[in-house]
Each structure stands twice: as structure tokens, then as C-alpha cells.
Amino acid sequence: MTLLELRVPPPAVALLAAGLMWAIARALPGLHLEIPASRWIALALAVPGLLLDIVGVLTFWRAGTTVNPLRPRTVSTLVTGGVYRWTRNPMYLGWIPILAGWAVYLEHPLALVVIPLFVAYLTRFQIGPEERILRERFGEAFERYASAVPRWL
């Protein structure tokens, strides 16, 4: 385990990414774009992402397992139903359209470059360690699930 694995809550990583996007937009105002109806487009992106996050959390709660991303060893159930039939990480996936909506709201194209960094960070320091633990805990059941359902989409 490295220093950053399972240490920073994913919502905090998303907020840091949003802050970095804002800082880029402020630091490089010459690249600002005027996007007609940017607020409506931003909402159209962010709301489905937020709903995906909520559905993911509710599915975990209904299954009676932890939603704490810093304590994956306390997982009691391998959740494979509901939205988890289409993606192994709906709670993390939901942040992508939220951040894309934020970039549109900021009306700055370089803000979008933060999204792949967010995905890379989560994949390396959150999802990878979580999946190692799920493999240890659920063995072949997790292997079957992981081979049938994509990590993101």
C-alpha cells in the first residue's frame, strides 16, 4: 500500500479537482469561451451525475454494506445489482459529468483537462486498492463480476 492509497475520500478528490478547474479558469482568462446557455448545459450534465452518485449510495445502503471509501475492508456484501450491473463504480463515475458540468459553467476548455487526472487518481489510489480487497474477500465471485461489468462504463 502506498501513502495515498485509500487515504483521501473521493468526494474530497472531486472537490480538489473542481478547485483546480476554477484556478485554471482564473489563471488563464484569455481562453475563456462564451457558451450560450452554459448554466443549463452545466446542470444537464451535473444532475444526472449527482443522481448516479445517490443511486450508488442507496444501493449500498439497501445491501447493508459500507459506503465508506476509506474502509473497504469492512464491506459485507458484493453489490452487483441495480446500477452496479452497468458499472462497478457508479459513485465515482457520477463525478465525471458533475466535473464536466463545472467546466462548462466555468466556460473554460482547459478546465476539462482535470477530468482525466481525476479519473487517473481515483483509478490508481482508490479503485485499484478497493478491487484488491474485494478480490481477497470475495474471490471468484468478484472475478466473475469484474470480467462481466466494466470499471467505468
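Where a number appears in this text, it was derived from the coordinates with a stated rule and is not lab data. Owing to the predicted nature of the structure, the values given are computational and were not obtained by experimental measurement. Please note: Cβ atoms are built from the backbone with ideal geometry, for glycine as well, and neighbour counts cover all protein chains shown.
Summary table
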| quantity | calculated |
| --- | --- |
| Residue in the stretch 22-42 that is touching a residue at least 40 places away in the same chain (Cβ under 8 Å), part of a loop (DSSP other than H, G, I, E, B) and touching a Leu at 6+ places or on another chain (Cβ under 9 Å) present | yes |
| The stretch 75-105: number of residues that are within 26 Å of TRP40 (Cβ to Cβ), of a type in the set (A, V, I, L, M), touching a Ser or Thr at 6+ places or on another chain (Cβ under 9 Å) and without any contact (Cβ under 8 Å) to a residue 60 or more places away in the chain | 1 |
| Meets criteria (farther than 17 Å from LEU6 by Cα and not in a helix (DSSP H, G or I)) for THR77 | yes |
| Sole residue being surrounded by 15 or more Cβ atoms within 10 Å (Cβ to Cβ) and more than 15 Å from VAL149 (Cβ to Cβ), chosen from ALA27, ALA14, ALA23 | ALA14 |
| Among (1) on the phi < 0 side of the Ramachandran plot; (2) loosely packed, with under 15 Cβ neighbours inside 10 Å - the single one ALA37 does not satisfy | (1) |
| Residue match in the stretch 74-91 (condition: over 18 Å from TRP152 (Cβ atoms) and touching a Lys or Arg at 6+ places or on another chain (Cβ under 7 Å)) | yes |
